[in-house]
Amino acid sequence: MSDSQQRGGLDRRHFLQAALFAGAGLATQPLQALAANVARQPFANGDRDLVSYPQKRPLMLITTRPPHLETPFEVFNESLLTPNDAFFVRYHLANLPTRIDPATYRLRVHGQVRQALDLDLAALKALGEPVEVIAVNQCSGNSRGYFEPRVFGAQLGHGSMGNARWVGLPLRTLLNHAGVLDSARQVTFRGLDQPVLPATPSMTKAIDVEHALSAEPLIAWSMNGEDLPFLNGYPLRLVLPGYFGTYWIKHLSEIEVIDHEFDGFFMQKAYRVPDNDCQCLPAGSALGASRPIGRLPVRSFVTSLREGQTLQQGQNQALRGIAFDGGSGIRSVEISDDGGRNWQPTQLGEALGNYSFREWRTDWRPRQRGVIHLLVRAHNARGETQPAEPTWNPGGYARHSIEALPLHII
Ligand SMILES: Nc1nc2c(c(=O)[nH]1)N[C@H]1C(S)=C(S)[C@@H](COP(=O)(O)O)O[C@H]1N2
Ligand SMILES: [Mo]
């Protein structure tokens with residue numbers, strides 16, 4: 001099967017063959033045979049093969065089993081909505097479903113509810129009016145490869161994030177249908193993927209019942225106007241606008257309302273950040289007091305230039321980039337080319353809602369020859385901005401400091 005056959009219009013029912021092909025091929029052939037190209041991250045061990053998976057253009061391969069694919073950073077300069085075929089992919093468990101039949105798919109709701117539900121897709125969609133939100137899905141470990149000192153875990157660049165238009169049913173519509181009991185404390189979410197070994201914990205996530213019953217969460221079936229791509233959770237996923245991607249459970253098949261705080265591995269052991277405002281610790285410290293990772297801190301990037309790009313002194317650059325936060329909305333974005341002594345304002349693009357990437361633009365003229373670092377920082381509606389110095393925590397989570405883009409000015 002050629003790359004283009006793998007990418008183009010694959011029937012989901014045939015995902016099995018394609019996935020097996022990708023898996024077998026990657027396991028038995030030198031990677032170069034399938035890789036269209038190689039992308040280089042600006043940290044040690046940063047070479048990443050660009051590899052095609054079903055419904056995906058060549059993306060940066062982080063792991064094969066389970067597939068973890070990163071979006072090449074240039075994609076964020078193409079459009080504010082990340083195209084489905086370029087959207088990153090992250091899984092924890094290697095036993096992925098390889099074929100999902102929408103006709104027999106079921107979503108179960110049970111636990112502390114008046115009436116347990118077992119719905120097919122049509123019954124779910126018939127429960128209420130669908131809603132739409134444009135929201136950023138960002139992996140907790142996005143940019144982990146930049147951590148100094150380095151930490152364990154996938155060495156990710158900035159491409160484990162994406163912004164999409166999600167359509168689905170408000171989670172609370174579904175929960176109200178089941179009738180949440182007063183004893184309810186948290187709601188847990190699980191998908192169809194399974195561990196390979198029985199000892200491996202299942203990828204189950206939990207949120208507080210107040211959050212679950214708020215207006216934000218939805219059970220989405222559509223992404224940028226199409227069915228969810230298989231690897232992004234077909235046919236249903238939880239969308240938790242403003243929150244890190246770890247909660248956005250794919251192939252969502254089971255929702256349980258529980259009367260206690262969930263004690264599973266992916267809440268109590270993994271995805272925890274230091275329990276303080278900066279979610280950070282002195283480099284090298286052990287975790288200590290912690291809490292589950294939550295809302296996205298403010299971040300901003302230049303998208304129109306590559307790290308290390310060469311530019312002419314005095315020549316005007318139409319700069320462009322993105323900023324986002326955990327749902328209060330971006331108020332301003334500024335750049336600095338003198339190490340943060342002076343900041344130049346930028347113009348914000350169209351607002352697509354508080355959970356979306358916000359575009360910024362400005363004209364900028366490099367003044368000095370040599371290597372310079374272009375800084376960008378954003379401010380949100382709550383008055384929060386980004387720390388000047390990179391923060392550190394042992395999980396390599398929630399990087400959000402001001403990024404310094406190195407440029408050669410000649
Ligand atoms: N079923 C399932 N859903 C999951 C995961 C998973 O391992 N299994 N990983 C989560 C994590 S950690 C992230 S960052 C997002 C990534 O979403 P994407 O693969 O659509 O980009 O999915 C989340 N949902
Ligand atoms: Mo993640």
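The values are calculated or read from the model by the stated rules, or taken from the named source; none is laboratory data. Note that the structure is predicted; figures quoted are calculated from it, not measured. Here Cβ is always computed from backbone atoms with ideal geometry, including for glycine, and neighbour counts include all displayed protein chains.
Structure values in brief
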quantity: Flag for A283 being within 16 Å of ligand 2 (Cβ to nearest atom), within 30 Å of A39 (Cβ to Cβ) and surrounded by 14 or more Cβ atoms within 10 Å (Cβ to Cβ); calculated: no
quantity: Unique residue being under 20 Å from the mean Cα position of the chain (by Cα) and surrounded by fewer than 23 Cβ atoms within 10 Å (Cβ to Cβ) when the list is E261, E226; calculated: E226
quantity: Complete set of residues in the range 125-171 that are of a type in the set (F, W, Y) and at pLDDT 95 or above; calculated: Y146, F147, W166
quantity: One residue from V209, V239 being in contact (Cβ under 8 Å) with a residue 60 or more places away in the chain and closer than 22 Å to Y271 by Cβ; calculated: V239
quantity: Residue match in the range 114-135 (condition: within 16 Å of ligand 1 (Cβ to nearest atom) and under 16 Å from K250 (Cβ atoms)); calculated: yes
quantity: Sole residue being under 13 Å from the mean Cα position of the chain (by Cα), touching a residue at least 24 places away in the same chain (Cβ under 8 Å) and farther than 18 Å from L405 by Cβ, chosen from V131, V151, V136; calculated: V136
quantity: Members of the range 167-209 that are under 25 Å from R99 (Cβ atoms), out of contact with any Pro (no Cβ under 9 Å at 6 or more places or on another chain) and more than 15 Å from ligand 1 (Cβ to nearest atom); calculated: L197, P198
quantity: Wholly within the range 118-217, helices (runs of 4 or more DSSP H) carrying at least 3 residues that are basic (K, R); calculated: none
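Quick grid of which residues meet (1) farther than 16 Å from Q138 by Cα; (2) within 11 Å of ligand 1 (Cβ to nearest atom); (3) free of Cβ contacts under 8 Å to residues at least 12 places away in the same chain:
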{"site": "S52", "(1), (2), (3)": "yes, no, no"}
{"site": "N84", "(1), (2), (3)": "no, yes, no"}
{"site": "F88", "(1), (2), (3)": "no, yes, no"}
{"site": "L96", "(1), (2), (3)": "yes, yes, no"}
{"site": "L107", "(1), (2), (3)": "yes, no, no"}
